[in-house]
1. Out of all the residues in the range 13-29, is one or more within 29 Å of residue 67 (Cβ to Cβ) and within 60 Å of the chain's Cα centre (by Cα)?
2. Mind checking whether some residue in the range 111-118 is in a helix (DSSP H, G or I) and either modelled with pLDDT of 80 or more or in contact with a helix residue (DSSP H, G or I) (Cβ under 9 Å, 6 or more places away or on another chain) (or both)?
3. Has the range 55-66 got any residue that is exposed (fewer than 12 other Cβ atoms within 10 Å of the Cβ), in contact with a helix residue (DSSP H, G or I) (Cβ under 7 Å, 6 or more places away or on another chain) and closer than 26 Å to residue 17 by Cβ?
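The values are calculated or read from the model by the stated rules, or taken from the named source; none is laboratory data. Bear in mind that the values here come from a model prediction, so they are computed numbers and not experimental data. All Cβ positions, glycine included, derive from the backbone under ideal geometry; neighbour counts span all protein chains shown.
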């Protein structure tokens, strides 16, 4: 005959509850001691009764075991945080690598290389994109031509204007009156003065002919 399972629930009778607590507590402490001896395990057991009374068991020192537990809990928390942070980074890195591979494949296709894996539909699509890009480049190039022509025309007009004014500037720069000395008669004295006439631009030394007067 199979024995039925007893449903676990709170014992309503206070006396029966206290008796059951004492029996089960002693059995639990005994099992903890046996486990520590048989398996060389480090065990700490803390029990508080319904009235707040403390019962504890430790194979070595309760304080040392609790410190060891706290250190292990911190390590577990840190490892969980690192793992939680690494997962999004790994996912983002995989996406970046995938995008780079797709971009590299697109560049090769634009250059007309590595087209073996492309289907006919993909080749038609690539051809349309290239033709559209060429049209845009030609349109942009044509929009810059009038600006370049206007700039060249303006520079040409300014150059011609500078050339036209250049002879006049040279003539005005070198146009100077001739310098001559005259014979001066001083009353009561008669002195022969030799007068020289210099023909040419001033400031050029005495390379020109000297005509005595």
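1. Scanning the range 13-29 turns up no residue that is within 29 Å of residue 67 (Cβ to Cβ) and within 60 Å of the chain's Cα centre (by Cα).
2. First pass over the range 111-118, keeping only residues in a helix (DSSP H, G or I): none.
No: the range 111-118 contains no residue that is in a helix (DSSP H, G or I) and either modelled with pLDDT of 80 or more or in contact with a helix residue (DSSP H, G or I) (Cβ under 9 Å, 6 or more places away or on another chain) (or both).
3. yes
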